[in-house]
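The values are calculated or read from the model by the stated rules, or taken from the named source; none is laboratory data. All of these numbers come straight from a predicted model, not from anything done at the bench. Please note: Cβ atoms are built from the backbone with ideal geometry, for glycine as well, and neighbour counts cover all protein chains shown.
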Amino acid sequence: MIEQSGPGRATRFIITAAAFVVILWGISLAQPVLISFLVACFLAVIGSVPVLWMERKGIPSVAAVLIVMASMVALLVGAGIVVGVSLNSFSEALPFYQSRIHDLLVGFKAMLAMRGITITDQVLLGYINPAAVMNLTAALFTALSSVLSNTLLILFTVTFILLEASTFPAKLRSVLDKPQADFPQFTRFVSDISHYVVIKTLLNLTGAVLITIWLSIVGVDFPVLWGFLAFLLHFIPGLGSILAAVPPVILAFIQLGGGSALLTAGGYVAIDSVLGNIVEPRIMGRRFGLSTLVVFVSLIFWGSLLGLVGALLSVPLTISLKLFCESNRDTRWLAVLLGSEASLRSEDQTVDSERESERGPP
């Protein structure tokens, strides 16, 4: 028996690894469909909260879904118009900013030459060229607009998901072998995912509004555009806030000078510190945290697999995997590996409370 256990484990590992590779290959082939479906699921999770709330208040399911979808369409159209106008203006002004950057770099080169420091144009334009960041930002918005070209399909998918949301629990109970044991775990998993996505979206929206207001006060061009960029990239903890701050800080330096650039950077740091380190942990709790390594690896993994949308949804997708693993004792070890040190302490408290509840009253 002992001699067979080694080959048996090796065979299971090879089969699992092969199945994982096949799944990744299938995901890469179905990337366009999966991207639209993931965006639809993300919007459906947000929309399910008001839909279920209206159903509890006695509003029919169809009417609740129509109200939510009408509100969602109005918000998306309004945001699309405002952001689209800002994006067009930014694209038209991009050559001017590039010319201004070139002039600043030439002046910087002359200043270094006066101090006896010689620097070649290849180094100057290849390694110290902020214009590349501005071009990359414009390309990012262009890629995002192409992803959202299937808006009608996404909205129809969201509508059908919301219509099925109220009847899905009954269907799930009927197919589970042990509904009394399995259904509470599934309910907790869905509730945690909804809680994370809705709260994270609201916090990102709050941060985007504050950043837009601050940039308007400083006088940086296109504050709405940079606020929208911050809203998207703040789904990536830590790294996302840095990436969102780089273009407007560079633009503030080009447009207004070094003092305004420092004010812009200071505003980003203050807003991110308050929302990310104080408000978010208190509202969400520590159990939604991921380790820094997992955040970075998930960004590379989902980004390479699903492109821009995968990068933006990398943390929500990984959080979903972590919560799913937490709901099953056999896979809880994987959730521990994915989580941060703070979430590990929260997980230990959850395990202790479960053991106490299983023991019952003394």
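I'd like the full set of residues that are closer than 19 Å to Leu153 by Cβ and surrounded by 14 or more Cβ atoms within 10 Å (Cβ to Cβ), limited to segment 58-72. Scanning segment 58-72 gives Val65, Leu66, Val68, Met69, Met72. For segment 247-275, filtering for residues that are in contact (Cβ under 8 Å) with a residue 40 or more places away in the chain and either in contact with a His (Cβ under 9 Å, 6 or more places away or on another chain) or exposed (fewer than 14 other Cβ atoms within 10 Å of the Cβ) (or both) leaves 2. Tell me the residue from Val49, Val77, Val82, Val62 that is under 23 Å from the mean Cα position of the chain (by Cα) and over 25 Å from Val224 (Cα atoms), please. Answer to the selection: Val49.
Considering segment 18-37, the residues that are among the polar types (S, T, N, Q) and closer than 25 Å to Leu155 by Cβ include one that is surrounded by the most Cβ atoms within 10 Å (Cβ to Cβ), namely Ser36. For segment 208-225, filtered to residues that are modelled with pLDDT of 90 or more and within 18 Å of the chain's Cα centre (by Cα), the residue that is surrounded by the fewest Cβ atoms within 10 Å (Cβ to Cβ) is Val209.
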